[in-house]
Amino acid sequence: MKTKFLTIAAVAAFAILATSGGQANAQRHPAEPEMVLVQGGTFRMGGVDVEGTEDESEDELPVHEVTISSFYMGKFEVTQVQWEALMDNKPSNFKGDHLPVEQVSWNDVQLFIKRLNAATGKQYRLPTEAEWEYAARGGNQSKGYRYAGGNAAENIAWVEDNSGDRTHPVGTKQPNELGIHDMNGNVWEWCHDFYGPYPASAQQDPRGASSGPARVFRGNSWSGAGVYCRVAFRRRSLPEYGYNFLGFRLACSPE
């Protein structure tokens, strides 16, 4: 895996931001997530780990080379207490401050992000699908696991076999190579991108299809079979719909 190198100044700025949970000081807005620096690099996106097997989905192909610039990813899925710090509703089916917020549509998430950015002066956003998969694979620390942080779904994810048919507090399963929790299981996670076919050519920081009726979500949930934790696995929904198995985590680019 090839890694993009950063200037000394950029690395120093990233270190300050990462160690303070995405802030230049110890104070964070109660809706702000703790962030993890994902150093840029190049990886093969798509059904690499299962090519030629019965698990493979057509929309995971063609496998193609993607280069990602450094960015920040939320260490945890956005929780209900974070959502309620900005929004005037409690949409989740399963109730608990530290449970992931769910039953929020892609459109709902955009309003949350708009309010969070206005309150903080930052530029939070949803991760692109490519950023999501790169981070799930462990970025430039990847050990080549089948799932996000291991080869046994029950160790890294709340899925149908161990969830008790509900969500669980974020961060209670082991993290992946980057220290990011719950990229598999608990709730699926909205991505920025319109859903569409992959290109065959190499890409730099792709942002998905230019248009379409549906948005991508990734990662599996409390209600899904363990096999859906494969880091290449893709799903989609219309952006106006929310479900009790679908939430989100935030990303942001370096300032």
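Being closer than 25 Å to residue 68 by Cβ and in contact (Cβ under 8 Å) with a residue 60 or more places away in the chain: is that true of residue 116 here? Taking the combined requirement at face value, the residue satisfies it.
The residues of region 63-79 that are more than 20 Å from residue 220 (Cβ to Cβ), of a type outside the set (A, V, I, L, M, F, W, C) and outside any loop (DSSP other than H, G, I, E, B), listed by number, are 64, 65, 67, 72.
Taken together, 91, 100 contain a single residue that is in contact with a strand residue (DSSP E or B) (Cβ under 6 Å, 6 or more places away or on another chain) and either modelled with pLDDT under 95 or closer than 24 Å to residue 240 by Cα (or both), which is 100.
Residue 240 falls short of the stated requirement of being in a loop (DSSP other than H, G, I, E, B), out of contact with any Leu (no Cβ under 6 Å at 6 or more places or on another chain), more than 15 Å from residue 78 (Cβ to Cβ) and at pLDDT below 95. Of everything listed in (1) among the charged types (D, E, K, R); (2) within 24 Å of residue 43 (Cβ to Cβ); (3) surrounded by fewer than 24 Cβ atoms within 10 Å (Cβ to Cβ); (4) touching a helix residue (DSSP H, G or I) at 6+ places or on another chain (Cβ under 8 Å), the single unmet condition for residue 240 is (2). Among the residues making up region 221-234, those that are of a type outside the set (Phe, Trp, Tyr) and either part of a loop (DSSP other than H, G, I, E, B) or surrounded by fewer than 22 Cβ atoms within 10 Å (Cβ to Cβ) (or both) are 221, 223, 224, 225, 226, 227, 230, 231, 232, 234. For region 158-198, a residue qualifies if it is buried (at least 17 other Cβ atoms within 10 Å of the Cβ), closer than 24 Å to residue 58 by Cβ and either modelled with pLDDT under 95 or touching a strand residue (DSSP E or B) at 6+ places or on another chain (Cβ under 7 Å) (or both), and the qualifying residues are 184, 188, 189, 190, 191, 192, 193, 194, 195, 198. Being assigned to a loop (DSSP other than H, G, I, E, B) and farther than 21 Å from residue 70 by Cα holds for only one residue in 162, 155, 176, and it is 162. On the given criteria, is residue 103 polar (S, T, N, Q), in a loop (DSSP other than H, G, I, E, B) and closer than 25 Å to residue 213 by Cα? Against the criterion (polar (S, T, N, Q), in a loop (DSSP other than H, G, I, E, B) and closer than 25 Å to residue 213 by Cα), residue 103 qualifies.
This table checks each residue for (1) assigned to a loop (DSSP other than H, G, I, E, B); (2) crowded, with 19+ Cβ neighbours inside 10 Å; (3) in contact with a His (Cβ under 9 Å, 6 or more places away or on another chain); (4) at negative phi.
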residue	(1), (2), (3), (4)
37	no, yes, no, yes
43	no, yes, no, yes
91	yes, no, no, yes
115	no, no, no, yes
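For the criterion of being without any contact (Cβ under 8 Å) to a residue 40 or more places away in the chain, more than 23 Å from residue 90 (Cα to Cα) and among the hydroxyl-bearing types (Ser, Thr, Tyr), residue 211 passes. Number of residues in region 119-143 that are of a type in the set (Gly, Ala, Ser) and free of Cβ contacts under 8 Å to residues at least 60 places away in the same chain: the value is 2. Considering only residues in region 50-62 that are outside any loop (DSSP other than H, G, I, E, B) and out of contact with any Gly (no Cβ under 8 Å at 6 or more places or on another chain), the one that is modelled with the highest pLDDT turns out to be 59. Scanning region 129-152 for residues that are in a loop (DSSP other than H, G, I, E, B) and either of a type in the set (Gly, Ala, Ser) or within 26 Å of residue 93 (Cα to Cα) (or both) gives 138, 142, 144, 148, 149, 152.
The values are calculated or read from the model by the stated rules, or taken from the named source; none is laboratory data. Being a predicted model, the structure only gives us computed values, none of them experimental. In this analysis, Cβ positions are derived from the backbone assuming ideal geometry, glycine residues included, and neighbour counts consider all displayed protein chains.
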